[in-house]
Amino acid sequence: MLRTIIFYLLFFPWTAINLTVAILGSLLGSNNAAHRVGIVWGKGCAFLAGLKVNVIGAEYILRDQPVIYVSNHQSNFDIPILYAGCLCSFAGWPNRSCSKSRYSVWR
């Protein structure tokens, strides 16, 4: 319980700082600033929660063509883990046509 309280006390300021940096970077013209900040945010969230992200099969990720990643969104850590583990640039959107608990990502 104490770890959860500490996590949330640090998570919201961490998210606000990263959001601010991502917006400023995008406004100043950096093409990939939001994605780079998202990776840092995801890794920071995993660290704050005490999670270790281990990507198996990263060599099979296609980097030269569009791909689709789908997460069943079973926990609150799906999105930070996707950012921390996926080294390719991607964007996401909630997919209501499949289910209310789906999260789809495209590169």
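The values are calculated or read from the model by the stated rules, or taken from the named source; none is laboratory data. Small disclaimer: the values here were computed from a predicted structure and weren't measured. For neighbour counting, all protein chains shown are included, and Cβ atoms are generated from backbone atoms with ideal geometry for every residue, glycine included. Keep in mind that these areas ignore ligands, DNA and RNA; they rest on the heavy atoms of the full protein, side chains included. Shrake-Rupley method; radii C 1.70, N 1.55, O 1.52, S 1.80 Å.
Under 5 Å between amide hydrogens, built in the peptide plane, is the criterion, and for Val67 it picks out Arg107 among residues at least 5 positions away or on other chains.
Highest-first packing order for the peptide set 24-33, 50-59, 74-83 is 74-83, 24-33, 50-59, based on the mean count of other beta carbon atoms within 10 Å.
Our coupling estimate for segment 62-67, obtained by passing each phi through the Karplus curve with A = 6.51, B = -1.76, C = 1.60 and θ = phi - 60°, is 6, 10, 9, 8, x, 9 Hz, Gly and Pro reported as x. For segment 16-72, the orientation-averaged shadow of the C-alpha convex hull comes to 5.6 nm² (one quarter of the hull surface).
For segment 15-21, 3J(HN,Hα) computed residue by residue from phi via the Karplus equation (6.51, -1.76, 1.60; θ = phi - 60°) reads 5, 5, 4, 5, 4, 4, 5 Hz, glycine and proline entered as x. Length available on full extension from Ser71 to Tyr8: 0.36 nm per residue minus the Cα-Cα distance, which gives 20.4 nm.
Per-residue surface analysis assigns Trp14 an accessible area of about 80 Å², computed on protein heavy atoms at 1.4 Å probe radius.
With each label modelled as a point 7 angstrom along the Cα→C-beta vector, the Phe47-Val21 pair spans 1.0 nm. Neighbours of Phe11, meaning other residues whose beta-carbon lies under 14 angstrom from its beta-carbon, give a summed charge of +2 when Lys and Arg score +1 and Asp and Glu score -1.
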